[in-house]
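So the structure is just underneath, and the comments pick up after that.
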Amino acid sequence: MIRKITEKDRTLFLRLSEEFYRSDAVSHAIPSSHHERAFEEVMRTDTYTEAFFIECGGEVAGYLLTSNAYSREAGGMMLWVEELYLMPQYRGRGLGQEAFAFIEQKAKQEDLRRIRLDVCESNRRAIALYERLGFGELEYKQMIKDL
């Protein structure tokens with residue numbers, strides 16, 4: 001089951017978010033304040049960003065953070081999978097596929113044109129899942145400038 005995160009989920013979301021950023025799925029850590037800001041933003045609005053818990057057997061197994069943005073290349077709005085984290089003990093149970101079925105259904109309902117995500121080259125298991133689900137690579141090198 002996938003459910004929207006609510007204010008009462010703050011402590012658990014923050015714990016899982018910090019776990020994700022300590023995992024090998026992420027190339028660098030972020031300041032603790034960024035976890036708090038992310039939670040506050042998804043509580044403030046769902047206009048462009050949403051957070052969901054992924055549950056298994058009534059227990060929280062991980063979370064999903066999405067954002068919407070306009071993509072000229074896609075010809076409309078797209079859904080960006082910002083973060084998908086499953087705790088290690090829940091991996092290999094089909095929850096990633098369930099999360100992407102949810103994402104795809106959400107994108108279709110909202111008439112979005114593309115689903116996009118980032119993945120570290122070293123995360124071979126995630127890449128294999130994404131490829132099985134029909135994702136392909138963009139021929140871009142991402143660059144950023146933090147302000």
Looking at region 76-92, which of its residues are modelled with pLDDT of 95 or more and assigned to a loop (DSSP other than H, G, I, E, B)? Met87
For Gln109, state whether it is within 21 Å of Ala51 (Cβ to Cβ) and open to solvent by 50 Å² or more (accessible area, probe 1.4 Å). yes
Just checking, which of Arg116, Arg91 is touching a Phe, Trp or Tyr at 6+ places or on another chain (Cβ under 6 Å) and either open to solvent by less than 60 Å² (accessible area, probe 1.4 Å) or not aromatic (Phe, Trp, Tyr) (or both)? Arg116
Within the set of pairs 6+ apart or on separate chains, which have a first residue in region 118-130 that is closer than 14 Å to Gly96 by Cβ, a second that is of a type in the set (S, T, N, Q), and C-beta atoms under 9 Å apart? Leu129/Gln97
Mind checking which residues of region 40-68 are small (Gly, Ala, Ser), open to solvent by 10 Å² or more (accessible area, probe 1.4 Å) and under 16 Å from Glu82 (Cα atoms)? Ser67
Listed by first then second residue, the pairs whose first member lies in region 23-40 and is closer than 17 Å to Ala126 by Cα, whose partner is open to solvent by 50 Å² or more (accessible area, probe 1.4 Å) and assigned to a loop (DSSP other than H, G, I, E, B), with beta carbons under 7 Å and at least 6 positions apart or on separate chains, are Asp24/Ser122
Would you confirm whether or not region 32-51 contains a residue that is over 13 Å from the mean Cα position of the chain (by Cα) and within 16 Å of Val119 (Cβ to Cβ)? no
Could you run through region 1-38 and say how many residues are surrounded by 12 or more Cβ atoms within 10 Å (Cβ to Cβ) and among the acidic types (Asp, Glu)? 4
Which is open to solvent by less than 30 Å² (accessible area, probe 1.4 Å) and either closer than 24 Å to Asp9 by Cα or under 17 Å from the mean Cα position of the chain (by Cα) (or both), of Leu84, Leu79, Leu133? Leu79
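The values are calculated or read from the model by the stated rules, or taken from the named source; none is laboratory data. These numbers were taken from a predicted model, which means no experiment stands behind them. No Cβ is skipped: glycine too gets one built from the backbone with ideal geometry, and neighbour counts run over all protein chains shown. These area figures cover heavy atoms from the full protein model, side chains too; ligands, DNA and RNA do not enter into them. Shrake-Rupley method; radii C 1.70, N 1.55, O 1.52, S 1.80 Å.
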